[in-house]
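For reference, the structure is listed below as structure tokens.
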Amino acid sequence: MKDVNSPIISLKDIYTAYEGAEFPVISGLSLEIGHGEFVIVGGPNGAGKTTLLESVNGMLPLTHGTAHVCGMDVSRNGDAVRKKTGYVIQSFAFDPFTPFTVENVVMMGRYGILGCFKKPGEEDYRATEESIKLLGLEDISEKPIGTLSGGQQQKVLIAQNLAKKPDLLLLDEPFSNLDLCTREFVSDILKDISSKGCTVLMVSHAFDALPDKDVRIVVMDRGCINFDEFCHATEVKDIVRKMSAVA
Ligand SMILES: Nc1ncnc2c1ncn2[C@@H]1O[C@H](COP(=O)(O)OP(=O)(O)O)[C@@H](O)[C@H]1O
Ligand SMILES: [Mg+2]
């Protein structure tokens with residue numbers, strides 16, 4: 001049973017450094033995010049936004065501090081944290097000859113939960129189908145992923161992560177390849193999953209449709225947080241632009 005009173009993300013004085021680098025990219029950062037919050041991370045290029053997401057899901061080790069996510073210590077339980085967490089990475093492009101169909105790629109979201117050598121069951125097929133439908137990918141579900149446009153691939157990766165039915169969804173600039181119409185469509189999906197209790201932590205500069213609740217804005221600069229406030233959805237765009245420009 002999950003404890004909704006304790007934060008879903010709790011970072012205490014974390015430092016993260018890339019191998020061989022002289023200075024840490026994240027330095028002395030603390031952050032708590034409650035269950036069901038919708039959080040947008042802004043800040044200039046190189047501020048450490050992607051590094052923050054990868055520290056949250058344990059893909060990058062901490063050099064100092066503690067990170068608890070979904071009730072677990074990320075340094076010790078990275079795999080278990082990643083089973084409960086979706087992560088849509090920044091501008092990923094599949095090789096044109098990748099031998100998987102859209103359906104295969106969406107199903108891969110279930111393998112994280114299943115383990116690689118188990119056969120998917122009824123629930124896995126159902127979750128995959130639901131996700132394909134939700135993102136409107138039915139007509140291209142049999143196509144090889146590498147033959148699709150960047151925007152279509154992006155939607156498939158979002159579907160893959162939703163098929164996982166995560167408690168926490170991390171998204172890194174998920175709108176960068178999407179046309180305006182598709183942005184709104186995807187924003188509405190995020191709004192919907194957030195209203196159903198999934199915590200959303202999203203690095204983004206595009207804000208077409210935000211949830212009907214206060215949105216929390218975290219702005220980073222040089223590995224630290226220099227702004228962290230709840231605000232009304234209509235104010236998000238202005239605040240992020242202003243803070244990111246000042247940073
Ligand atoms: N794989 C890597 N190896 C070494 N340095 C990296 C790597 N990835 C990112 N960095 C450095 O870390 C800093 C923060 O990067 P990043 O988290 O990607 O920023 P943002 O997502 O805010 O643009 C940058 O200075 C970048 O050069
Ligand atoms: Mg980035």
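The values are calculated or read from the model by the stated rules, or taken from the named source; none is laboratory data. Here the structure is a predicted model, which means the values were calculated and not measured. Here Cβ is always computed from backbone atoms with ideal geometry, including for glycine, and neighbour counts include all displayed protein chains. Only protein heavy atoms, including side chains, enter the accessible area calculation; ligands, DNA and RNA are left aside. Shrake-Rupley method; radii C 1.70, N 1.55, O 1.52, S 1.80 Å.
The residues listed here are 142, 103, 123; of these, the one that is open to solvent by 80 Å² or more (accessible area, probe 1.4 Å) and closer than 21 Å to residue 189 by Cβ is 123.
Taken as a whole, the stretch 213-221 holds no residue that is more than 16 Å from ligand 1 (Cβ to nearest atom), open to solvent by less than 20 Å² (accessible area, probe 1.4 Å) and within 22 Å of residue 106 (Cβ to Cβ). Filtering 42, 46 for residues that are within 27 Å of residue 231 (Cα to Cα), within 13 Å of ligand 1 (Cβ to nearest atom), surrounded by fewer than 15 Cβ atoms within 10 Å (Cβ to Cβ) and among the small types (Gly, Ala, Ser) leaves a single hit, 46.
In a residue-by-residue description of the stretch 155-172, the property of being under 30 Å from residue 228 (Cα atoms), within 16 Å of ligand 2 (Cβ to nearest atom), of a type outside the set (Asp, Glu) and part of a helix (DSSP H, G or I) applies to at least one position.
The criterion of being within 25 Å of residue 55 (Cβ to Cβ) and at pLDDT 95 or above does not hold for residue 197.
Looking only at residues of the stretch 71-93 that are in contact with a Gly (Cβ under 7 Å, 6 or more places away or on another chain) and open to solvent by less than 40 Å² (accessible area, probe 1.4 Å), we find that the one that is nearest to residue 135 (Cα to Cα) is 81.
For the stretch 72-96, a residue qualifies if it is within 16 Å of ligand 1 (Cβ to nearest atom) and either of a type in the set (D, E, K, R) or on the phi < 0 side of the Ramachandran plot (or both), and the qualifying residues are 87, 88, 89, 90, 92.
Of the residues making up the stretch 193-212, those that are outside any helix (DSSP H, G or I) and open to solvent by 30 Å² or more (accessible area, probe 1.4 Å) are 196, 197, 205, 208, 212. Which of the residues belonging to the stretch 172-192 are surrounded by fewer than 20 Cβ atoms within 10 Å (Cβ to Cβ) and hydrophobic (A, V, I, L, M, F, W, C)? Scanning the stretch 172-192 gives 180, 181, 185, 189.
In the stretch 229-247, the qualifying residues are those that are outside any helix (DSSP H, G or I) and away from ligand 1 (no atom under 16 Å from the Cβ), and the one that is surrounded by the most Cβ atoms within 10 Å (Cβ to Cβ) is 231.
Output yes when any residue across the stretch 55-65 is open to solvent by 40 Å² or more (accessible area, probe 1.4 Å), more than 16 Å from ligand 1 (Cβ to nearest atom) and over 16 Å from residue 11 (Cβ atoms), and no when none is. Checked against the condition, which is being open to solvent by 40 Å² or more (accessible area, probe 1.4 Å), more than 16 Å from ligand 1 (Cβ to nearest atom) and over 16 Å from residue 11 (Cβ atoms), the stretch 55-65 yields no hits at all. Evaluate the stretch 41-51: report whether one residue or more is at pLDDT below 95, within 16 Å of ligand 2 (Cβ to nearest atom) and more than 19 Å from the chain's Cα centre (by Cα). No, because not a single residue in the stretch 41-51 is at pLDDT below 95, within 16 Å of ligand 2 (Cβ to nearest atom) and more than 19 Å from the chain's Cα centre (by Cα).
Hey, could you check the stretch 15-36 for residues that are open to solvent by less than 50 Å² (accessible area, probe 1.4 Å) and in contact with an Asp or Glu (Cβ under 9 Å, 6 or more places away or on another chain) and say which is nearest to residue 220 (Cα to Cα)? Among those residues, the one meeting the criterion is 29.
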